[in-house]
Amino acid sequence: MNGVGPLLALTGGSGFVGRAFRPAVRRAGWRIRHLGRRPPPDADPADEWGFLDLAAVEDADLSGCAALVHLAAHIPTDHGDPAEAERCWRINALGTLRLVDAAIRAGVGRIMQASSANAYAPTGQPPDERAPLFPGSRGYYLGSKVCQEIYAAERCREEDVLLQTLRLASVYGPGQRSGALAAMAQAAASGGPIRVRGGGGFGADLIHVDDVARAMLLLLGSENAGAFNVGSGVRTTIAELAQLLAERTGAPVVHDDGEGGEDWGFPALNIDRLRALGYRPMRLADGLKL
């Protein structure tokens with residue numbers, strides 16, 4: 001298909017989600033132009049590349065592109081560091097605004113951006129896309145993602161450009177190198193122990209990276225605009241995850257004493273809007289087999 005299909009500009013193509021999305025979107029007939037400070041080391045030889053630094057967007061080569069898929073973001077290594085607030089805002093919010101502006105000036109008619117479902121205000125009920133955004137933790141990063149959504153929506157509304165925002169749950173899958181699930185899976189694969197802090201009450205909606213890629217393809221084929229929750233619709237706690245891994249591998253589970261109250265985490269998502277387009281996420285038990 002390379003050389004004949006529509007051209008898609010992609011940021012964050014070397015990231016965890018980007019690596020799963022690239023082969024899927026190529027099979028669907030799209031060509032890819034990577035935008036970043038350097039081409040992905042595993043890029044297809046037929047892929048194009050253009051320089052982009054989100055920290056100081058001056059221009060981006062989006063000529064000839066039918067769509068922009070924006071996955072790149074700055075994620076702090078220390079979410080509690082106040083110095084990260086400015087960097088997150090400058091890259092994630094302001095950098096996105098400038099990138100969207102460049103896409104509009106280049107005539108790009110479709111923009112898809114990745115945001116975070118963890119930015120919903122704390123709630124015991126699965127939030128849908130109309131629920132308020134006001135993160136209860138990790139505010140320097142998640143606050144910048146809320147600003148990113150606002151800035152991109154404002155600019156696209158002014159120019160009548162189709163904007164689709166993916167509010168991603170907690171993504172997992174093969175090749176994941178960071179996060180609690182990756183650490184626990186690696187411990188289980190090596191025979192354990194699988195370590196759980198305190199009672200393991202922290203929970204989140206866990207979504208397989210391949211399901212995220214499938215959701216993105218569904219939306220690329222849809223004219224539906226706005227925000228879309230991309231999750232499994234099920235909340236899994238760390239304790240439940242440890243037990244599932246232990247049952248699969250026989251590795252022991254060890255509970256480490258935690259200090260102070262445990263972080264409750266995040267709710268399951270209401271994914272009815274994406275389900276209406278044919279989205280069917282896999283069960284966690286099946287995702288851990290892949």
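What residues from the range 89-113 fall in the zone where the backbone N is under 13 Å from a label point 7 Å along the Cα-to-C-beta line of Arg37?
Answer for the range 89-113: 91.
What does DSSP give for the chain in terms of the percent of beta bridges that are antiparallel, rounded to the nearest 5?
Restricted to the chain, the bridges split so that about 10 percent are antiparallel.
Report, to the nearest whole %, how much of the accessible area of the range 76-229 belongs to carbon and sulfur atoms, 1.4 Å probe, protein only.
The C+S portion of the solvent-accessible surface of the range 76-229 is 53 percent.
Evaluate E = 1/(1 + (r/R0)^6) for Gln243 and Asp44, where r is the Cβ-Cβ distance and R0 equals 45 Å; express this FRET efficiency to the nearest 0.05.
0.65
Give, as a single signed number, the net charge of other residues whose beta carbon lies under 13 Å from the beta carbon of Pro281, with Lys and Arg counted +1 and Asp and Glu -1.
With Lys, Arg at +1 and Asp, Glu at -1, the neighbours total -1.
Please report the antiparallel percentage of the DSSP beta bridges confined to the range 164-290, to the nearest 5.
Of all bridge pairs located within the range 164-290, approximately 20 percent are antiparallel.
Taking 0.36 nm per residue of separation and subtracting the Cα-Cα distance, what length does fully extending Ala55 through Gln186 add?
Numbers: separation 131, 0.36 × 131 = 47.16 nm, distance 3.36 nm.
My answer for the length gained is 43.8 nm.
For the range 213-257, which GluC sites (Glu not before Pro) pass both filters: DSSP loop (anything but H, G, I, E, B) and at most 16 other C-beta atoms within 10 Å? Display every interim value, and only then the final one.
Working: sites: Glu223, Glu240, Glu247; in loops: Glu223.
Answer by residue number: Glu223.
Cα convex hull of the range 61-103: how many Å³ per residue? Please report the intermediate quantities before stating the final value.
Numbers: hull volume 2.8 nm³, N = 43.
It is 64 Å³ per residue.
Along its three principal axes, how long is the range 35-84 when you only count alpha carbons? Whole Å, largest extent first please.
41, 25, 17
Considering only the other residues whose Cβ falls under 10 Å of the Cβ of Gly173, what net charge follows from Lys and Arg at +1 and Asp and Glu at -1?
With Lys, Arg at +1 and Asp, Glu at -1, the net is -1.
Give the separation of the Cα centroids, the range 38-112 to the range 133-164, in Å.
14 Å
Quick one: compute a quarter of the convex hull surface over the Cα atoms of the range 18-102 and quote it in nm².
Hull-based average projected area comes out at 6.3 nm².
Can you tell me which of Arg33, Arg110, Arg280 moves the most in a GNM of the chain? Springs connect C-alpha atoms under 10 Å apart.
Most flexible of the set in this elastic network: Arg280.
Given an 8 Å cut-off on Cα distances and at least 6 residues of separation, report the relative contact order of the range 22-72 as a percent. Display every interim value, and only then the final one.
Values: 37 pairs, mean separation 13.3, N = 51.
For the range 22-72, the relative contact order is 26 percent.
Using the heavy atoms of the protein chains alone and a 1.4 angstrom probe, what is the accessible area of the range 74-163 per residue in square angstrom?
Per-residue value: 47 Å².
With springs connecting C-alpha atoms under 10 Å apart, model the chain as a Gaussian network and identify which of Gly80, Gly139, Gly95 has the largest mean-square fluctuation.
Looking only at Gly80, Gly139, Gly95, the largest GNM fluctuation is found for Gly80.
What FRET efficiency, computed as 1/(1 + (r/R0)^6) with R0 = 30 Å and r the Cβ-Cβ distance, is obtained for Asp286 and Glu159, rounded to the nearest 0.05? Each step should come with its number before you reach the end.
Values: r = 42 Å, r/R0 = 1.38.
Rounded to the nearest 0.05, the efficiency is 0.10.
Compute the distance in nm between two label points, each set 7 Å from the Cα along the Cα-to-Cβ direction, one at Ile75 and one at Asp256.
With each label point 7 Å from Cα toward Cβ, the separation is 2.0 nm.
Which residue, His74, His34, His255, has the most motion in a Gaussian network model of the chain that connects Cα atoms within less than 10 Å?
Evaluated over the chain, the most mobile residue of the options is His255.
If you take the C-alpha gyration tensor of the range 137-188, multiply each eigenvalue by 5 and take the square root, what semi-axes do you get, largest first, in whole Å?
After scaling each eigenvalue by five and taking roots: 33, 14, 6 Å.
Does a label point 7 Å from the Cα of Arg105, set along Cα-to-beta-carbon, have any residues of the range 138-156 with amide nitrogen under 19 Å, and which are they?
Inside the label zone: 151-156.
According to the square roots a ≥ b ≥ c of the eigenvalues of the Cα gyration tensor, what is the shape class of the range 77-142, taking rounded for a/c under 1.5, prolate for a/b larger than b/c otherwise, and oblate for the remainder?
oblate
Could you tell me the calculated FRET efficiency between Arg130 and Asp263, based on Cβ-Cβ distance and R0 = 25 angstrom, to the nearest 0.05?
0.45
The values are calculated or read from the model by the stated rules, or taken from the named source; none is laboratory data. Keep in mind it's a predicted model, so treat the numbers as computed, not measured. All Cβ positions, even for glycine, are placed from backbone atoms using ideal geometry, and neighbour counts span all protein chains on display. For the accessible areas, the whole protein counts, side chains as well, though only heavy atoms, and no ligand, DNA or RNA atoms are used. Shrake-Rupley method; radii C 1.70, N 1.55, O 1.52, S 1.80 Å.
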